[in-house]
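To start, the structure under review is shown below, and the notes come after it.
The values are calculated or read from the model by the stated rules, or taken from the named source; none is laboratory data. This one's a predicted model, so the numbers in the text were calculated from it and none came from an experiment. Glycine gets a Cβ as well: all are built from the backbone with ideal geometry, and neighbour counts include every protein chain shown. For the accessible areas, the whole protein counts, side chains as well, though only heavy atoms, and no ligand, DNA or RNA atoms are used. Shrake-Rupley method; radii C 1.70, N 1.55, O 1.52, S 1.80 Å.
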Amino acid sequence: MAVFQTTFACDSLFRSIDLNIIIPFESPGRPDLLDRKPKQFKTLYLLHGFGGNRNDWMNYTPLRDIAERYNLAIVLPDAENSFYVDSVSLPFRYSELIREIVQFTRRAFPLSDRREDTFIGGLSMGGFGALRLGSFYHDLFSKVFTFSGAFIIDNIASKKPGYQDAIANYDYYARTFGDLDKVKNSVNDPLWCMDQAIAAGEAPAVYQACGTEDFLYQENLKMKRELESRKMVYEYHEMPGIHDWVFWNKNLEPAVKWLLDSQN
């Protein structure tokens, strides 16, 4: 297996950024895996949460082992605390960044360029980002998984100065999402993006998981009801757990198996 730490100059942020990329080219000590290495790898673009970075998934999960056992390339970007949306207060396009990363990694590494082989996933803020970007860029991604998604659009819609919640305050949300009176049913709303994907006939399949003691549990239940009401491939899982790596690790391998199951 090869783990790359790559720097590339991206137009969307007007600077160079770093990526972690896992590609299971070889499997030392596992001859049983060598005869089924593809020429081009199915790929998961995996997003970190609020306050995190591209190293979190590698530091806190058995990600490299999973990549090797399932012949799955995994790309880990950094997106700071952007919620993976294009900034309205700064010239930073974090939504566009993800499309640019897909294009760059496909040029630089032996990754499949087929939609059915390209997936996106994430936790918390990254779970929000995965659902929104997987829907917004429905031409790129065929499947999405979201763990403990920070589905906060209904919470922050129309909020006024002085608002504060467990994640951030009004000033942060206004800088990130723009006019909060207009955030609902906008390009920054995952459900609006999903409806566009459905209308285009390219809705990604979605795997959602959340712990029943997670502080975002109610937001995830609301998203569950919304997604279940739409005509799309959708699967929901919950179990006892909070907003932590114990819960996310329990769900990581099942989610990867789901991504790679051709029946979904």
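One residue is enough: does region 78-101 have a residue meeting the conditions farther than 25 Å from residue 258 by Cα, of a type in the set (Val, Ile, Thr) and in contact with a Lys or Arg (Cβ under 8 Å, 6 or more places away or on another chain)?
yes
Within region 108-117, can one find any residue that is among the hydrophobic types (A, V, I, L, M, F, W, C), open to solvent by less than 10 Å² (accessible area, probe 1.4 Å) and closer than 19 Å to residue 190 by Cα? Spell out how you get there, then give the answer.
Keep residues of region 108-117 that are among the hydrophobic types (A, V, I, L, M, F, W, C), which gives 108-109, 111.
Now narrow it down to the ones that are open to solvent by less than 10 Å² (accessible area, probe 1.4 Å): 111.
Still in the list and also closer than 19 Å to residue 190 by Cα: none.
No, region 108-117 contains no residue that is among the hydrophobic types (A, V, I, L, M, F, W, C), open to solvent by less than 10 Å² (accessible area, probe 1.4 Å) and closer than 19 Å to residue 190 by Cα.
Please determine, by comparing only the residues of region 206-233 that are more than 16 Å from the chain's Cα centre (by Cα) and among the hydroxyl-bearing types (Ser, Thr, Tyr), which one is nearest to residue 127 (Cα to Cα). Can you show your working first?
Kept after step one, since they are more than 16 Å from the chain's Cα centre (by Cα), are these residues of region 206-233: 211-219, 221-222, 224-233.
Filter again for among the hydroxyl-bearing types (Ser, Thr, Tyr), leaving 212, 217, 229.
Numbers: 212: 16, 217: 13, 229: 20 Å.
The extreme case among them is 217.
Tell me yes or no: at least one residue of region 111-125 is farther than 18 Å from residue 207 by Cβ, modelled with pLDDT of 95 or more and within 15 Å of the chain's Cα centre (by Cα). It would help to see each step written out before you state the result.
In the first step, residues of region 111-125 are kept if they are farther than 18 Å from residue 207 by Cβ; the result is 111-114.
From what is left, the residues that are modelled with pLDDT of 95 or more are 111-114.
Right, trim to within 15 Å of the chain's Cα centre (by Cα) and you get none.
So far as region 111-125 goes, no, none of its residues is farther than 18 Å from residue 207 by Cβ, modelled with pLDDT of 95 or more and within 15 Å of the chain's Cα centre (by Cα).
What's the total number of residues in region 196-219 that are farther than 21 Å from residue 117 by Cβ, open to solvent by less than 60 Å² (accessible area, probe 1.4 Å) and part of a helix (DSSP H, G or I)? Write out each step before concluding.
At the first step, the residues of region 196-219 found to be farther than 21 Å from residue 117 by Cβ are 196, 198-199, 208-219.
Subsequent filtering for residues that are open to solvent by less than 60 Å² (accessible area, probe 1.4 Å) retains 198, 208-212, 214, 216-217, 219.
From what is left, the residues that are part of a helix (DSSP H, G or I) are 198, 217, 219.
Qualifying residue count, region 196-219: 3.
List the number of the failed condition for residue 185; all other conditions in (1) polar (S, T, N, Q); (2) open to solvent by less than 70 Å² (accessible area, probe 1.4 Å); (3) outside any helix (DSSP H, G or I) hold.
Condition not satisfied by residue 185: (2).
Against the conditions (1) open to solvent by 50 Å² or more (accessible area, probe 1.4 Å); (2) more than 22 Å from residue 59 (Cβ to Cβ), where does residue 246 fall short? Just the number, please.
All conditions pass for residue 246, except number (2).
Of all residues in region 83-107, how many are open to solvent by less than 10 Å² (accessible area, probe 1.4 Å) and of a type in the set (Gly, Ala, Ser)? Reasoning before the result, please.
Taking region 83-107 as the starting set, the residues that turn out to be open to solvent by less than 10 Å² (accessible area, probe 1.4 Å) are 83-85, 95, 97-98, 101-102, 105.
Cutting the leftovers down to of a type in the set (Gly, Ala, Ser) gives us 95.
The total comes to 1.
Does region 224-231 include one or more residues that are in contact with an Asp or Glu (Cβ under 8 Å, 6 or more places away or on another chain), more than 25 Å from residue 58 (Cα to Cα) and either part of a helix (DSSP H, G or I) or open to solvent by 10 Å² or more (accessible area, probe 1.4 Å) (or both)? Let's see the steps before the verdict.
Pass one, region 224-231, residues in contact with an Asp or Glu (Cβ under 8 Å, 6 or more places away or on another chain): 230.
Those left that are additionally more than 25 Å from residue 58 (Cα to Cα): 230.
Checking the rest, the ones that are also either part of a helix (DSSP H, G or I) or open to solvent by 10 Å² or more (accessible area, probe 1.4 Å) (or both) come to 230.
Yes, region 224-231 has at least one match.
Of all residues in region 107-128, how many are in a loop (DSSP other than H, G, I, E, B) and either β-branched (Val, Ile, Thr) or at negative phi (or both)?
So the first thing to find is which residues in region 107-128 are in a loop (DSSP other than H, G, I, E, B), and the list is 109-110, 112-114, 124.
Filter once more, so that each one left must be either β-branched (Val, Ile, Thr) or at negative phi (or both): 109-110, 112-114.
Final tally of qualifying residues: 5.
What is the one condition in (1) part of a helix (DSSP H, G or I); (2) at pLDDT 95 or above; (3) open to solvent by 10 Å² or more (accessible area, probe 1.4 Å) that residue 175 does not satisfy?
(2)
Per-residue answers, yes or no, for (1) modelled with pLDDT under 95; (2) in a loop (DSSP other than H, G, I, E, B); (3) over 13 Å from the mean Cα position of the chain (by Cα):
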position	(1), (2), (3)
102	no, no, no
105	no, no, yes
130	no, no, no
133	no, no, no
151	no, yes, no
154	no, no, yes
161	no, yes, yes
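For region 1-94, please list each of the helices (runs of 4 or more DSSP H) lying entirely inside it that holds at least 3 residues being within 22 Å of residue 141 (Cβ to Cβ). Before you say what the answer is, go through the steps one by one.
Numbers: elements: 31-34, 56-60, 63-70.
In region 1-94, 56-60, 63-70 are the helices (runs of 4 or more DSSP H) which contain 3 or more residues that are within 22 Å of residue 141 (Cβ to Cβ).
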